[in-house]
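The values are calculated or read from the model by the stated rules, or taken from the named source; none is laboratory data. These figures come from a predicted structure and were not determined experimentally. Note: ideal-geometry Cβ built from the backbone for every residue, glycine included; neighbour counts use all protein chains shown. SASA here: full protein model, heavy atoms, side chains in, ligands and nucleic acids out. Shrake-Rupley method; radii C 1.70, N 1.55, O 1.52, S 1.80 Å.
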Amino acid sequence: MESREVPGLLLDTAPDAIIVSRSDGTITLANRRAHDMFGYPAETLVGSPVDVLVPDEVREQHPGHRLAYLSGAHPPLRRLPLRGRRGDGSVFAVEVSLSAVTAPDGETYVTAVLRDDTTQREAARTRALLASVVQSSHDAIVTADLEGRVLSWNPGAEILYGHPAADMIGKPIDEIIPVTRRNDEEQVRLLVRLGGRVDRYRSLRQNAKGEIVAVSMLISPLLDERGSIIGTTTIGRDISDRERAEARVQAILDAAPDAMLGVGESGEVVLVNAEAERLFGHPRYDLLHMPLDLLLPDGLPPISAVLRTGGDSTPLDTERALAEPGEPVDQRWASRRALHRGGGELPVDIACSSLHTDTGMVIVVVVRDITERLAAEEERRRLREETDRQRLEARMQQAQRLESLGQLAGGIAHDFNNLLAVILNYASFIIEDAAGSPPAVDAEQIARAARRGSDLTHQLLAFARREVIRPRPLNLNTVVTEVHQMLDRSLGEHIALTVRTTAGLPSVMADPGQLEQVLVNLAVNARDAMPTGGRLTIDTALVPVDAEHAAARAGLSPGRYVRLRVSDTGTGMPKEVIDKAFEPFFTTKPSGQGTGLGLATVYGIITQAGGTVQIYSETGIGTTFTILLPATEVQAQEAAPEESVAGLTGHGATVLVVEDEDALREVTCRILHRGGYTVLAAGSGDEALRLAASHSVDVLLTDVIMPGMLGRDLAAAVSRSWPATKVLFMSGYAQPVLTTHGTLSAEVHLLEKPFTSAELMRALHDELQAKP
């Protein structure tokens, strides 16, 4: 491109309209923006009189105004609020700046720069809102009338010039201007009174002590409500400290380990340091005045715009740098791309801060190469994802294994409970009928063995989460205190038991008997792990679980939980034992000394209550079991005492017994006959319906799981046909009548197998006495 073409290109791409005319008003040059602003086709304004751009009502006076301006000193006039006329005749507001120059041939040319006045009008409307900040400004803000007498004097002026406002109001503004500067300052004020505006410039002022102060000045017209100029507004700022600060900043730039750029208001680089030369591959003289987008194509963070307006000079950024969850994030930095001289791209972090200079605002940009850091983060991410995947697979495999074992255990317990109910009750018949004889003693041993078998089946069902639970709001501290008294007597003197409870714990929803079993099982395990003595500690606390908590990452929902922690100083467990600790029948104890159901029962009870149990153990140091149970706002209540079963006879009430196991059906009928009930017996659901149709039945006592028809379906059919008949379920595997949370609905009454005659009599009595 020829050098003579550059000015024309710059004029055509200028954002403001530029019109040059001779002294006679003939237009000699008009750029593209001028044609767009006034609505004329390109290149048509040249040669036209400038008067065609003036509204009709003032067009006749315009040549006289032009002649008056050119015949005098014709100083530059800036930002005069005028109106223009478009080619279609419409009138609009413009802001005009004028300057005149005489060419070598003696012709005088007037250059007019025109700008749409919308922005200026908007500024006038908001000027009133800005008045409230004048008093709090650190700058010295002074207004004076057209005669140069002070109208207002803010606290910033008191600090900078040392004169109280009361002393300066009404005084000439020249009192703070050195004598040698007064003529120059008067010319500046004259220009402003004519409507111009003087952008920030360096000057000197004299304070109350007579000291000369270097200041940066900004002078603008003071307008009244009608827009008339009534004086001047002067904003002064002490720049002595700033000059020293700029020198220190330059020294910091050269010594900084990161690349640093200073970006002027034009978007060009005005300051660089040695590291910037290395990072971008350009020498210093090439970097200076280079547009920033050639180095950082993504631009600066949004905060840089705020910094340019003086909104904040603190290094920060509104964007958050990308980081993995749980990792700290430095919010001062934003990620961008940097362009090297060779054309390559570099990932960088940048941070911005502002630096005020006498030439305007400079945005200091710190650029840090993060290539190596991103590579390290990617490797950590890959390793973390692999670890998380392996951990998730292990948890899923363990859950599937425990679920399969639970289904197996539940099925075994169902059949085993039927056998135990028969054995236990026939042994009770022998004990009652042959009291005091050797057969009765033998029967007592049979009953004792049956009760131990019943305990085992209950543990199996608890692990399988098929155990019938009757949860209620509990104070965990109360359960711990009650078990503490029992453990003090049973653990032995070689075990030091410490219990620490936290006051004010919320309630938990659980079966109190099951929680006692959990504590006893863990305490017994701890005792066995400390054969030569040690310390057992039980403590409670309230624990908030958020998304970052280890329990939440293991699948627990965020919320408030009550923690029960049981710790011992025993032999500890290796990892391979911990992985299998909750599996049923797994034990490290010698044969005959453990069933392998203790921890399996703990696992089933806690997970059925909506909680979690975790093990931390180190061989030779000890083991800690941490249990988290969901907190509830429902207040704990005392359990009602059980009534005596003495005298709970049937009084002839009719009970329809439905049980597919012949032996259990026969022993149940025998108990009921002895208790004064009229008994009907059926081995299936269909048979039971036929009997119910021909007899008046007070209570339906039915097994839950039967071939052909489940007890729940039988109960529904009976209730539809005979609504007055009450229903009592009996089962050792009650899953079909449980809710999804493993609890009984309020309308379902269940007698758990194996049951004794006393338990059967009490259950039937309660059912008959219950209100419909």
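What are the pairs, 6+ residues apart or on separate chains, where a residue within the range 520-537 that is assigned to a helix (DSSP H, G or I) has its Cβ under 9 Å from a residue that is surrounded by 22 or more Cβ atoms within 10 Å (Cβ to Cβ) and among the aromatic types (Phe, Trp, Tyr)? Taking only residues 6 or more apart or on different chains, the pairs are Leu522/Phe625; Asn525/Phe625; Ala526/Phe625. Among the residues of the range 102-112, are any aliphatic (A, V, I, L, M), open to solvent by 40 Å² or more (accessible area, probe 1.4 Å), at pLDDT below 90 and not in a strand (DSSP E or B)? The answer is no; no qualifying residue exists. For the range 667-679, the set of residues classified as in a strand (DSSP E or B) and of a type outside the set (Ser, Thr, Tyr) consists of Val679 only. The residues in the range 650-666 that are farther than 18 Å from Ile705 by Cβ and assigned to a helix (DSSP H, G or I) can be counted, and the count is 1. Residue check: is Ala73 assigned to a loop (DSSP other than H, G, I, E, B), modelled with pLDDT under 90 and within 28 Å of Arg197 (Cβ to Cβ)? So Ala73 fits the description; yes.
Between Pro155, Pro164, the distinction of being open to solvent by less than 80 Å² (accessible area, probe 1.4 Å), within 45 Å of the chain's Cα centre (by Cα) and farther than 16 Å from Ser216 by Cα belongs to Pro155 only. Output the number of residues of the range 147-176 satisfying the condition of being under 15 Å from Gln206 (Cβ atoms) and either hydroxyl-bearing (Ser, Thr, Tyr) or part of a loop (DSSP other than H, G, I, E, B) (or both). Residues meeting the conditions: 4. Of the residues screened, Arg284 is not one that is closer than 30 Å to Thr126 by Cα, open to solvent by 40 Å² or more (accessible area, probe 1.4 Å) and more than 43 Å from the chain's Cα centre (by Cα).
A quick yes/no check of all residues on (1) touching a Leu at 6+ places or on another chain (Cβ under 8 Å); (2) exposed (fewer than 13 other Cβ atoms within 10 Å of the Cβ):
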site	(1), (2)
His35	yes, no
Phe38	yes, no
Ser48	no, no
Asp51	no, no
Gln61	no, yes
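In the range 82-101, the residue that is surrounded by the fewest Cβ atoms within 10 Å (Cβ to Cβ) out of those that are within 60 Å of the chain's Cα centre (by Cα) and farther than 16 Å from Met37 by Cα is Ser99. For the range 750-761, the set of residues classified as crowded, with 17+ Cβ neighbours inside 10 Å and modelled with pLDDT under 85 consists of Leu750, Leu751, Glu752, Lys753, Pro754, Phe755, Thr756, Ser757, listed by residue number. The residues in the range 4-25 that are without any contact (Cβ under 8 Å) to a residue 40 or more places away in the chain and over 16 Å from Val101 (Cβ atoms) can be counted, and the count is 10. Val727 - would you say it is part of a helix (DSSP H, G or I), among the β-branched types (Val, Ile, Thr) and at pLDDT 90 or above? No, not satisfied. If the condition is being open to solvent by 60 Å² or more (accessible area, probe 1.4 Å) and touching an Asp or Glu at 6+ places or on another chain (Cβ under 7 Å), then the range 201-233 contributes Arg202, Ile230. Asp145 - would you say it is surrounded by 13 or more Cβ atoms within 10 Å (Cβ to Cβ), more than 48 Å from the chain's Cα centre (by Cα) and without any contact (Cβ under 8 Å) to a residue 12 or more places away in the chain? So Asp145 does not fit the description; no. Among the criteria (1) open to solvent by less than 20 Å² (accessible area, probe 1.4 Å); (2) at pLDDT below 85; (3) under 26 Å from Tyr161 (Cβ atoms); (4) among the hydroxyl-bearing types (Ser, Thr, Tyr), the one Ser240 does not fulfil is (1). Within the range 199-213, residues that are within 15 Å of Glu185 (Cβ to Cβ) reach partners that are open to solvent by less than 60 Å² (accessible area, probe 1.4 Å) and of a type in the set (Asp, Glu) with beta carbons closer than 9 Å, at six or more positions or on different chains, in the pairs Arg200/Asp358; Tyr201/Asp358; Arg202/Asp358; Ser203/Glu185. The lone criterion from (1) in contact with a Phe, Trp or Tyr (Cβ under 8 Å, 6 or more places away or on another chain); (2) modelled with pLDDT of 75 or more; (3) surrounded by fewer than 18 Cβ atoms within 10 Å (Cβ to Cβ) left unmet by Gly453 is number (2).
Can you name every residue in the range 113-126 that is farther than 30 Å from Val46 by Cβ, exposed (fewer than 12 other Cβ atoms within 10 Å of the Cβ) and either at pLDDT 90 or above or not aliphatic (A, V, I, L, M) (or both)? If the condition is that a residue be farther than 30 Å from Val46 by Cβ, exposed (fewer than 12 other Cβ atoms within 10 Å of the Cβ) and either at pLDDT 90 or above or not aliphatic (A, V, I, L, M) (or both), then Glu122, Arg125, Thr126 are the ones that fit. Scanning the range 497-536 for residues that are of a type in the set (A, V, I, L, M, F, W, C), open to solvent by 20 Å² or more (accessible area, probe 1.4 Å) and within 24 Å of Ala581 (Cβ to Cβ) gives Leu497, Val499, Val520, Val524, Ala529. Residue pairs whose Cβ atoms lie under 7 Å apart, sitting 6 or more positions apart in sequence or on different chains, and linking a residue in the range 556-583 that is on the phi > 0 side of the Ramachandran plot to a partner that is in a strand (DSSP E or B) and open to solvent by less than 30 Å² (accessible area, probe 1.4 Å), are Gly559/Val545; Gly572/Ser617; Gly572/Gly622; Gly572/Thr623. Of everything in the range 680-703 that is free of Cβ contacts under 8 Å to residues at least 40 places away in the same chain and assigned to a loop (DSSP other than H, G, I, E, B), the residue that is farthest from Thr668 (Cα to Cα) is Ser684. Filter the range 692-705 down to residues that are under 18 Å from Glu661 (Cα atoms) and either among the aromatic types (Phe, Trp, Tyr) or open to solvent by 10 Å² or more (accessible area, probe 1.4 Å) (or both), then give me how many there are. Looking only at that region, the number is 1.
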